[in-house]
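In what follows, a structure is listed as C-alpha cells, so that the remarks can point back to it.
The values are calculated or read from the model by the stated rules, or taken from the named source; none is laboratory data. Please read these numbers as outputs of a predicted model, since none were measured by experiment. In this analysis, Cβ positions are derived from the backbone assuming ideal geometry, glycine residues included, and neighbour counts consider all displayed protein chains. For accessibility, only protein heavy atoms count, side chains too; no ligands or nucleic acids. Shrake-Rupley method; radii C 1.70, N 1.55, O 1.52, S 1.80 Å.
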Amino acid sequence: MQEFLKRQYQFSDFQIAQLQFFVKTIASELSKFLIMGFIFRDRLGLYLFAMAVMLPLRIAVGGLHCKTYISCFLVSFSYAFLSLMVLPNIPVNKLCQMIFLFVCMLCNYFVGPVTSTVHVALSEQHVSKVRMQAFVFIFFYIVALYIVPENAYMTVGFWVIILHTLQLIAARILKKGEPYERKID
C-alpha cells in the first residue's frame, strides 16, 4: 500500500505516516464509540446525547490522553458510565447546575486547551478560537438548561460537562507547565 501511494500519488513517507495515524485514530475512536454504544444500548439515546455534548468540548479544548487503546477505552468507559449511570442519581437543583456550569465555562476557557504530545503546535489565534468555542458551547448549554424543563438528557449533559472540566484540569496538572505547544510564527 505504501509503495502504491508513493508511486501513484507521490506521497512522501511523512504523508503516509500522517495517513496511517489518521486511519488508526478514526478506527480507534469509532470502535470505542460503537462498543460503548452496545454496552449502553438500554440507554442509547442518553449515550448519544452524552457523546454529542462531550465531543465539541473534547475537540475544542482536549484533555487527558492515554497511550494505549485499552487504557483510553477504560477511561472513556468510566467517563460514560459515571455520566450515564452514577452521577445522575445525585440530585442537583437547576440553580446549582447553572452555577457549576458557569464555573466550568470559565475553567474551560482559562485551563484549555490541553493537547496530546503528538498534536501539532497551536498558534495563539487558534488557542483563542478553541477557548471561545468551549466557552460559547457551555454558555448555550446553560441557556438551554434554564429554558428546558428538567429531564434525564439535560442532567446527563450537565454531568458530562462537569466530568470534562475535571479531566481537563487533571490533564493540565499532569502536563506541568505548557498545556500545548506554541507555534512560533
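For this structure, a couple of remarks:
- The range 1-56, residues that are over 26 Å from VAL130 (Cβ atoms), at pLDDT 85 or above and of a type in the set (A, V, I, L, M, F, W, C): LEU34, ILE35, PHE38, ILE39, PHE40, LEU44, LEU46
- Sole residue being touching a strand residue (DSSP E or B) at 6+ places or on another chain (Cβ under 9 Å), surrounded by 14 or more Cβ atoms within 10 Å (Cβ to Cβ) and more than 15 Å from ALA152 (Cβ to Cβ), chosen from GLY37, GLY62: GLY62
- Qualifying residue in the range 19-27 (condition: under 25 Å from ILE162 (Cα atoms), in a helix (DSSP H, G or I) and open to solvent by less than 80 Å² (accessible area, probe 1.4 Å)): no
- Pairs where the first residue, in the range 135-155, is within 17 Å of GLY112 (Cβ to Cβ) and the second is open to solvent by 60 Å² or more (accessible area, probe 1.4 Å), C-beta under 6 Å, 6+ apart: PHE135/TYR109
- Subset of the range 99-113 that is assigned to a helix (DSSP H, G or I) and not hydrophobic (A, V, I, L, M, F, W, C) - its residue that is most open to solvent (accessible area, probe 1.4 Å): TYR109
- Scanning the range 114-136 for residues that are at pLDDT 90 or above and out of contact with any Phe, Trp or Tyr (no Cβ under 8 Å at 6 or more places or on another chain), we see that the one that is nearest to PRO56 (Cα to Cα) is GLN133.
- Taking the range 114-166 as the range and being more than 24 Å from GLY45 (Cα to Cα), touching a helix residue (DSSP H, G or I) at 6+ places or on another chain (Cβ under 8 Å) and open to solvent by 20 Å² or more (accessible area, probe 1.4 Å) as the test, the residues that pass are VAL118, ARG131, MET132, GLN133, PHE135.
- Criterion applied to LEU145, LEU122 was being hydrophobic (A, V, I, L, M, F, W, C) and closer than 22 Å to ARG172 by Cα, and the one residue passing it is LEU122.
- Subset of the range 40-58 that is in contact (Cβ under 8 Å) with a residue 12 or more places away in the chain and within 20 Å of ILE169 (Cβ to Cβ) - its residue that is most open to solvent (accessible area, probe 1.4 Å): ARG58
- In the range 171-178, the count of residues that are open to solvent by less than 60 Å² (accessible area, probe 1.4 Å), in a loop (DSSP other than H, G, I, E, B), closer than 30 Å to PHE14 by Cα and touching a strand residue (DSSP E or B) at 6+ places or on another chain (Cβ under 9 Å) is zero.
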